[in-house]
Amino acid sequence: MAKIIVFDGIPGAGVSALKDCLLGLFKKAKLKCYFYSIEKKFPELITEAMKESQSTSSRNQIIMLARAHLDTLILDSLPDRKDDDYIFIDRWWGNTIAHLPYLHIGIKPDNELWKTYPLNFKTKILHTFFVNTPVKTAMNRLGYMSRYEENVLRNIRKEYLKLAEQYNWIKLSGTLPVEKLAKKSAHIIAPHKL
């Protein structure tokens with residue numbers, strides 16, 4: 001089965017930059033890797049999710065359904081992937097949990113549902129990397145594009161840190177140069193190939 005790697009972090013953490021750099025390293029080493037993103041597959045997944053949703057469903061409920069569709073998409077693709085293939089996923093179910101207090105999806109963050117929510121995602125993940133970036137650094141990177149107030153981003157980061165502890169995610173310092181982060185994570189993912 002292909003090796004599935006997840007990258008996560010607050011907006012502005014440097015997740016996309018790390019993923020892009022890693023893809024370059026893997027391709028240079030002639031290792032097969034594939035990239036799945038909720039954003040990349042967004043239009044078709046949202047269309048599918050809309051079919052299952054009621055008209056009153058909020059945008060965020062549809063996004064949750066889309067994430068589930070992405071899981072199915074990955075599972076369906078696995079038979080075509082070889083054992084030495086790598087699948088990179090840009091943000092995953094942890095993203096939904098970390099943003100819960102701000103999503104307004106009609107299900108409160110303290111609802112028991114969220115304790116079992118990760119179990120709904122059947123895709124077996126080899127590693128999850130959490131790019132642990134200070135809020136001020138992330139906000140500076142986002143600049144005027146930031147949709148988040150500083151205190152909101154701080155709380156989202158706290159939720160991410162709890163998840164990282166609970167699920168033994170690998171924490172990477174988001175203040176390091178992206179090339180250094182990519183090399184460090186590459187040696188964890190494929191220690192004898194890179």
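List every residue whose amide H lies under 5 Å from the amide H of Tyr34, counting only residues 5 or more places away in sequence or on a different chain, with H placed 1.01 Å from N in the peptide plane.
Amide H neighbours of Tyr34: Tyr86, Ile87, Phe88.
Run the numbers for Lys158 and Asp20: contour at 0.36 nm per residue of separation, minus the present Cα-Cα distance, in nm.
Net length gain for the segment: 47.1 nm.
Under 20 °C and 1.002 mPa s, how fast does region 142-194 diffuse according to Stokes-Einstein, given a Kirkwood radius computed over C-alpha pairs? Answer in µm²/s, whole number.
The estimated diffusion coefficient comes to 160 µm²/s.
Between Lys115 and Glu150, what is the spin-label point distance in nm, taking each point 7 Å from the Cα along the Cα→C-beta axis?
Taking the two extended label points, one gets 3.6 nm.
What nm distance separates the two modelled labels at Leu126 and Lys180, each placed 7 Å from Cα along Cα→Cβ?
2.5 nm
Say each of Tyr34 and Lys171 gets a label point 7 Å from the Cα, pointing the same way as Cα to Cβ; how far apart are those two points in nm?
3.3 nm
Pairs Lys3/Lys136; Lys32/Lys158; Lys115/Lys180; Lys136/Lys171; Lys30/Lys158: which are spaced more than 30 Å apart, C-alpha to C-alpha?
Lys3/Lys136; Lys32/Lys158; Lys115/Lys180; Lys30/Lys158
Bear in mind that the values in this text are calculations on the coordinates, not laboratory data. Note that the structure is a prediction, hence the values are computed from the model and not measured. Please note: Cβ atoms are built from the backbone with ideal geometry, for glycine as well, and neighbour counts cover all protein chains shown.
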